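Here's the structure we're looking at; comments come further down.
The values are calculated or read from the model by the stated rules, or taken from the named source; none is laboratory data. What you are looking at is a predicted structure, and each value in this text was computed from that prediction instead of being measured. FYI the Cβ positions are ideal-geometry reconstructions off the backbone, even for glycines, and counts take in every protein chain you see. Protein only, heavy atoms only, side chains kept; ligands, DNA and RNA dropped before computing areas. Shrake-Rupley method; radii C 1.70, N 1.55, O 1.52, S 1.80 Å.
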Amino acid sequence: MTRKKYGLIDINGGFGNQLFQYSFANFLKLNGLQIRINTNWYSEINKFPREQIFYPEFYGFKKANKSVLKYYEILSKKKGEKYYFEKFNDSIDTVNFKKFNRFIGYWQDLDYLKLSKQFLISKLEQNEHIKNGMDFLPENNNVLIHVRRGDYLLAKKIIDDSYFENAIQRIKN
C-alpha cells in the first residue's frame, strides 16, 4: 500500500510565473502528490505590484486553508521531522518525495511546460479573452515585441535602450 504524499505550492509573480508554477503543480500531481496551493503572496499585507491572474480552482486545484498553512509552518520549524517533511526552493533532483513537501519558487523549467502543454491549453481555453488571443491569426510579417524593464530598473540591472533599438533593427532586417 502506497502512502499519500502532499505538496504545498506557493504561487507568486505575474502571468508568466503563474503559468510555470501551475505547470509544475500539474507535474507534481501527475507524480502522485495531493496538491494544495498557497496564494498568500497576493494578500493585502504583501502589496506586491503583480495581480493574481489565476486562482487554484481555475486549474482544478484546491487552495490551502489556514490550518494547512499553519501545519506546514510548524513542520518547517521542526528539525527532527525531516524524515517526512522537505522544503524545495526552485529545483528538485528527484520525485521521491517525503510525506509533506513545500515548494517555493518560480519553477521556470521548460520541461514542466512541455509535460503540461495539453493541461494548460485545456484550462486557458476556458478563459474567453485568452482563447480569443490563442485563436487570433496575425497578418503576415507582423511581430509583437514586449519590453519589460520595470523590474530590472528596480533591481538596478539597467539595460541600455540601444540594446532594444538594435534588436528591433535586426528584426526589421
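Here are the numbers:
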quantity	calculated
All positions within the range 84-112 that are more than 21 Å from Y71 (Cα to Cα), touching a residue at least 24 places away in the same chain (Cβ under 8 Å) and polar (S, T, N, Q)	Q108
Filtered residue count, the range 62-99, keeping only those that are part of a loop (DSSP other than H, G, I, E, B), modelled with pLDDT under 95, of a type outside the set (F, W, Y) and open to solvent by 60 Å² or more (accessible area, probe 1.4 Å)	9
When residues of the range 4-23 are limited to those that are touching a Ser or Thr at 6+ places or on another chain (Cβ under 8 Å) and assigned to a helix (DSSP H, G or I), the one surrounded by the fewest Cβ atoms within 10 Å (Cβ to Cβ)	S23
Residue in the range 110-117 that is open to solvent by 80 Å² or more (accessible area, probe 1.4 Å) and assigned to a loop (DSSP other than H, G, I, E, B) present	no
Which listed residue is at pLDDT 80 or above, more than 27 Å from T39 (Cβ to Cβ), open to solvent by 100 Å² or more (accessible area, probe 1.4 Å) and of a type outside the set (F, W, Y), from E128, E165	E165
Close pairs (6 angstrom Cβ cut-off, 6 or more residues apart or separate chains): under 23 Å from L124 (Cβ atoms) in the range 38-53, at pLDDT 70 or above and loosely packed, with under 14 Cβ neighbours inside 10 Å anywhere	I53/F15
Residues satisfying the stated conditions in the range 33-59, i.e. open to solvent by 50 Å² or more (accessible area, probe 1.4 Å), in a loop (DSSP other than H, G, I, E, B) and modelled with pLDDT of 90 or more	Y55
Failed item in (1) open to solvent by 50 Å² or more (accessible area, probe 1.4 Å); (2) touching a Ser or Thr at 6+ places or on another chain (Cβ under 8 Å); (3) among the basic types (K, R), with R102 passing the rest	(1)
